[in-house]
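To start, the structure under review is shown below, and the notes come after it.
A short reminder: the numbers here are calculations on the coordinates, not readings from a lab. None of these values were measured; they are calculated from a predicted model. Cβ sites come from the backbone with ideal geometry, for glycine too, and all protein chains shown count toward neighbours.
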Amino acid sequence: MRGFLAIAPVDLDLTLGCGQAHRWKKAGDEWRGFIGNRVVVLKQGDAGVYFEGVPPSTLAAYLRIDDDVDSIYADMASRDPLMSRLAERYRGLRLLRQEPWECLATYMLATNANISRIGGMVEEVCRRFGDEVEGGHAFPRPEQIAGSPELLEECRLGYRCQRLRSLAERVADGGICLEAMRHLDYEGCVKDLKTIDGVGDKVADCVALFSMDHLEAFPVDARIKRCLNTLYEVKGGYQRLSEFGRGRFGDAAGYAQELLYQLAGDQRSLGQTQDGGQ
């Protein structure tokens, strides 16, 4: 490995394997994926990350080295005893700071699809439209998709095809300015994202959290709903559950969401309905 980024706590398996981003794959003890148009290789270190293929400043931004994760965990633990245990169990799980266009396009493809299907669709779009680089294809720019709509039909995206084409065209011609959305407050950012065809509550919250620095966002999917129903006895629709999460876990509720998501995934893999380690 060519470089080392001192960052703690960080656990690459938890951070890159939890479904925030869909272009990372592990082989042996190395993770290989993309940050922007660069193929990046990462390896876990004792006090940080060994890396190659990307400038250290870019990796630092992507892994949100500016987040004081220990303080975030401590604040959540002071609000909720379960968070104290989950923060210890999943220590090193960090949020990623993704590029907004790629994040939005990917999460639009991810609606109503499993992990395997999402990965397949994303890679097919990259293969057909993205710039070829050593080791694969970069995620395509919006104008690359907008300029060849007939190729998009061959990607077998189903109903997502028209939505992605419309998004690419609007971003390419300036009708949607994702950079401007990054400077809005949370409510304004989510409101603007939801004006885009194919972007509902969950996609908007995911994009706000994973690419627009709104750590208070609390996306709710089936896993999170199950956690809130079972562990907190909170029921209701999306807005009720998301508002509960933001109120319960504070300004960095997105970190709590990821911890709960990981817990729900572990329970499902073990065939449990409750966490045996609680």
In whole angstrom, and with the biggest value first, how far do the Cα coordinates of region 96-217 range along each principal axis? 37, 30, 30
Percentage relative contact order, region 100-211, counting C-alpha pairs under 8 Å, at least six apart: 29 percent
Under 24 Å between alpha carbons: how many lysine pairs meet that in the chain, if sequence neighbours fewer than 8 apart on the same chain are excluded? 11
Total charge dipole magnitude, region 117-208, about the Cα centre, Cβ charges on Lys, Arg, Asp, Glu only, Debye to nearest 20: 300 debye
In percent, how large is the relative contact order of the chain, given Cα pairs closer than 8 Å and 6 or more residues apart? 17 percent
Hits for the chain under the membrane-span-like helix rule (DSSP H, Cα axial span at least 24 Å, Kyte-Doolittle mean at least -0.5) are 253-270
Of Ala47, Ala27, Ala87, which is the most mobile in a GNM of the chain whose springs link Cα atoms less than 10 angstrom apart? Ala27
Sorted largest first, the Cα spans of region 1-42 on the principal axes come out in Å as 24, 21, 21
Can you list which of the GluC sites (Glu not before Pro) found in region 192-251 are DSSP loop residues with at most 10 other C-beta atoms within 10 Å? Glu233
Label-point separation, Thr58 to Asn114 (7 Å along Cα→Cβ), nm: 3.4 nm
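As an exercise, identify the chymotrypsin sites (Phe, Trp or Tyr not before Pro) in region 120-219 lying in DSSP coil whose Cβ has no more than 12 other Cβ atoms within 10 Å.
Answer in residue order: Tyr159.
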Residues whose modelled amide H sits under 5 Å from the amide H of Gly48, counting only those 5 or more places away in sequence or on another chain, are Ile7
If each of Ala47 and Ala77 carries a label point 7 Å out from its Cα toward its Cβ, how far apart are those two points in nm? 2.1 nm
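Strictly greater than 26 Å: what percent of every Cα pair in the chain meets that?
43 percent
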